[in-house]
Every structure is written in structure tokens, then in C-alpha cells.
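Peer 1: This is the structure, below, for whatever I ask next.
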Amino acid sequence: MIIDSRGRIAGKVSVIDAALALIVIGLAVGFAVRQFQIKPTVQENNATIYVTVNIEPIRDFSIEAINEGDIFYEQYATQSMGKVIKLSSQPAKELIKIPDGTIHYVEMEEKYKLTVTLECKGIIRDTGYYINGNAQISEGGDLTLQSNKALCYAKVTDISEQLQ
Amino acid sequence: MEFWYRIKVNKHLKIGNVSLIDVVVVMAIIVFILLARRFSAPQEATAAPGSITLRYTVELQKKQPDFADKVQVGAQVYDSQRGYHIGEVEGVTVGPYKEDAPDHDELIIRRTAIDGLCSVYVDIVAQATVTDQTTAIGEFDVLIGKEIYIRTKDFASGGYVVKRVVEE
């Protein structure tokens, strides 16, 4: 019998001890793999890509914290995404339904939509645009962007190789 | 050296009366505990070398009017989630608490002050570091538009950072 009447594998090692040892070894291997994992190499970026995003609805203190020349990162990224080269603001809008049942797209007081164009370095492949060679971005995608002053939630509205 | 020669593992995988597997498991648990202490988050965010004075304001929304009395100038401020020390209260102001309210006649969404509720603005001063990517008190990022959860010995609340001023 593989496991004897005393619960030992081949009469030598307790089943409980063996299971515990396997769990501990598994945790140790997993920890070691995470700690010593080879980081992906950063590819050289050779294309200038213009990414336009909308950030809305935001209040005036956020508008004031985002300026031309600011460098933005995707949150938790190790390389910057790009530099703000153009921005414009207008009142934010939201849908409301009024009692007659119609729906209107109306302005919001004291809230704004900020349109920001970032000049980025990246790679253009058949599969899409890769900023800094790693993160792919697409129109309609959501980004959490941060500079050293502000954090904001943006939606990509345009990606192009020419400044619009 | 002589001691090592005396350690013998018998046919039951025991060293004396102690199972070899148990010894290995206990040693591994000790190593894990030591590594966990080594890599766990620090309980205090300390100012990094070359740090600057940061003044920032947190907006605590939807508060009763007497909430501001709980915010004491000079109180130490901590991050509620990780316990980082993130500054000292320098001032407190009160403003109206506003909500979005659709105006069906004018077809606009108005910011309307709500009676009986207020927004409390807590001014905090701390030593911070500014890099290309962030402004941070130790490992705690302070960025306009970021929601943070703060506490002192008198209150705890979440709110947005609405103002940030650095002094070189």
C-alpha cells in the first residue's frame, strides 16, 4: 500500500507532513519566480504618435492642474506616456430625462470636459499603436493618467501620426 | 564540526524523535515570516532626502455643519488604509456642499447647494518629494483629483485632493 494504516506514505512520511511540505515549497517557488522574474525589455521607440483624450467631467481645480508641457504617465507605469502639447476645455455635458419623456444632452454647471493631446513616442505595428513599445492603446480605450500634479481618468478619442 | 557528524537520519526520516519534514516546514515558515517583515509596507512614511514642503487641501464632502469642529489645527494626519503619516493639519475651512441637480426648464444641470450639509476643506502640510511622475510623502502619492482616506485621532473620512502647493 502506498499509504499505510498509520497515514504514512510508504511507511515513512506522514501524509499531512507531505501535503504541508508541498504547499510550502509551492509558495516558495512562486515567491522566487515573482521576485526574480526577468523584466520585459523596453523596445526602442521610433515613431511620434499623437494621442488625444477627453477627461470629463472634472472641476476647476483639476483643469488648473493640467498644463501644456506636463509629462503624463499611465498610472503605475515606469515610463512616461507623453507630453501635453495641446489642450482645450468646454463645459461638460450629461444626459437628462425630463418629465415629458424626452432625453437631452445638456451642459453641467461648474464641470468641464478637458481635451488633451499628448505627443508620445512609440511603435506602430499592424496590430496597433504601442506607446513606449509596451502598452497598446486604442481609440475608445480608458486610461488612468497621472502627472506629478494631478490624477485623472481619460478616454482616448483619437490616435494619429500627424498633429490635428 | 563534530556536532554535525552526530546528526543521523533514521529510516523513519527522523532526527532523534523529530521528523525531518517537520524541521524543513518550520524552517520555511520562519523564512517566510522574516521575508514578509522585510518586504511589508512601512508604517510611517518618512520624508526622503531632499524633500520639499508640500501644502495640500483635501475636500471632505457631505458633512454635518459641526464636523469641522473635529478638525484640529496641529493634529497629525494618517492614511486610513495603510497608516502612513501624511502630514499635519494647518487649517480648516467650510464651504457649501453641492450636488448636481437637473433643471428641466432651462435644460441644464446645476450645481446646487444642499441645506444642512457642507464641505470641509482640510489644509495639510507635509514634507514630500516631487519627481517627474508624482508628488509623494514617502510612498503616499498626493495628486489633485486623487481620492484619499485620511484620519486624525478625532475623525476619519475620504475626500479628494483639490489643491497642491510645493515650496522649493
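Peer 1: Place +1 on the Cβ of every Lys and Arg and -1 on the Cβ of every Asp and Glu in chain B, take the dipole about the Cα centre, and give the residue among B:G138, B:S51, B:V71 whose Cα lies farthest towards its positive end.
Peer 2: Checking the options against the dipole of chain B, the answer is B:G138.
Peer 1: Then there's this: Taking only DSSP H segments of four or more residues, each worth -39500 (n - 2.57), what value at 222 nm results for chain A once the sum is divided by all its residues, to the nearest 500 deg cm²/dmol?
Peer 2: Mean residue ellipticity at 222 nm (helix-derived): -5500 deg cm²/dmol.
Peer 1: Dipole size in debye (nearest 20) for chain A around its Cα centre, Lys and Arg Cβ +1, Asp and Glu Cβ -1?
Peer 2: Dipole of chain A, to the nearest 20 debye: 960 debye.
Peer 1: Straight distance only, please: which aspartates and glutamates reach the Cα of B:K70 with their own Cα at less than 13 Å, same-chain residues fewer than 8 apart left out?
Peer 2: Excluding near neighbours in sequence, the set is B:D154.
Peer 1: Would you list B:R164, B:R37 from fewest to most Cβ contacts within 10 Å?
Peer 2: Going from sparsest to densest Cβ surroundings: B:R37, B:R164.
Peer 1: Could you pull out every residue, at least 5 positions away or on a different chain, whose amide H is within less than 5 Å of the one on A:Y129? Hs are placed 1.01 Å off N in the peptide plane, and Pro or chain starts have none.
Peer 2: A:I137
Peer 1: Express the relative contact order of chain B as a whole percentage, based on alpha carbon pairs under 8 Å and six or more residues apart in sequence.
Peer 2: 27 percent
Peer 1: Suppose every Lys and Arg Cβ carries +1 and every Asp and Glu Cβ carries -1, with no other charges. What dipole size does the protein assembly as shown come out with about its Cα centre, to the nearest 20 debye?
Peer 2: Here the size comes out at about 2320 debye.
Peer 1: Mind giving me the nanometre distance, one decimal, between the label points for A:I85 and A:E110, set 7 Å out from Cα along Cα→Cβ?
Peer 2: Here the modelled spin labels are 3.7 nm apart.
Peer 1: Let me spell out the model: positive unit charges on the Cβ of Lys and Arg, negative unit charges on the Cβ of Asp and Glu, origin at the Cα centre of chain B. What dipole size does that give, in debye rounded to 20?
Peer 2: Taking the Cα centre of chain B as origin, the dipole is about 1360 debye.
Peer 1: Ok, one more. For the protein assembly as shown, what D do you get in µm² per second when you plug the Kirkwood radius from alpha-carbon pairs into Stokes-Einstein at 10 °C and 1.306 mPa s?
Peer 2: My calculation gives 64 µm²/s for D.
Peer 1: Between 0 and 90 degrees, rounded to the nearest ten: what's the tilt of helix A:15-35 against the longest Cα principal axis of chain A?
Peer 2: Rounded to the nearest ten degrees, it is 40.
Peer 1: Can I ask one more? Take chain B, drop everything but the C-alpha atoms, weight them equally and run the Debye formula without solvent; then report log10 I(q)/I(0) at 0.10, 0.12, 0.16, 0.20 Å⁻¹ to two decimals.
Peer 2: Each listed q corresponds, in turn, to -0.56, -0.67, -0.95, -1.24.
Peer 1: From the phi of every residue in the range B:76-91, what ³J(HN,Hα) in whole Hz does the Karplus formula 6.51 cos²θ - 1.76 cosθ + 1.60 yield, where θ is phi - 60° and glycine or proline is x?
Peer 2: Once θ is set to phi - 60°, the couplings for the range B:76-91 become 7, 10, 10, 6, 5, 7, 10, x, 5, 7, 10, x, 9, 5, 10, x Hz.
Peer 1: Sequence neighbours fewer than 8 away in the same chain don't count; with that in mind, list the lysines whose C-alpha is under 22 Å from A:K12.
Peer 2: Candidates past the 8-residue exclusion: B:K8, B:K11, B:K14.
Peer 1: Taking each residue in A:61-73, count the Cβ atoms of any other chain within 10 Å of its Cβ, then average. What number comes out?
Peer 2: 3
Peer 1: Between A:T157 and residues 5 or more places away or on another chain, which pairs have amide H atoms under 5 Å apart, with H built 1.01 Å from N, and which residues are they?
Peer 2: Excluding prolines and chain starts, which carry no amide H, the hits are A:T52, A:V53, A:N54, A:G140.
Peer 1: So what is the 222 nm mean residue ellipticity for chain B from helices alone, if each DSSP H run of at least 4 adds -39500 (n - 2.57) and you divide by all residues, rounding to the nearest 500 deg cm²/dmol?
Peer 2: One gets -4500 deg cm²/dmol as the mean residue ellipticity at 222 nm.
Peer 1: While we're on this one: Over 30 Å between Cα atoms: which of A:K97/B:K163; A:K113/B:K98; A:K111/B:K153; A:K93/B:K146; A:K155/B:K63; A:K149/B:K98 fall into that group?
Peer 2: Beyond 30 Å between Cα atoms: A:K97/B:K163; A:K111/B:K153; A:K155/B:K63.
Peer 1: Just add up the charged neighbours of B:A28: K/R +1, D/E -1, any other residue whose Cβ is under 13 Å from the Cβ of B:A28.
Peer 2: Once all neighbours under 13 Å are counted, the net charge is -2.
Each value in this text was obtained by applying a stated rule to the coordinates, not by laboratory testing. Just so it is clear, the model here is predicted, and its values are computed rather than measured. All Cβ positions, glycine included, derive from the backbone under ideal geometry; neighbour counts span all protein chains shown.
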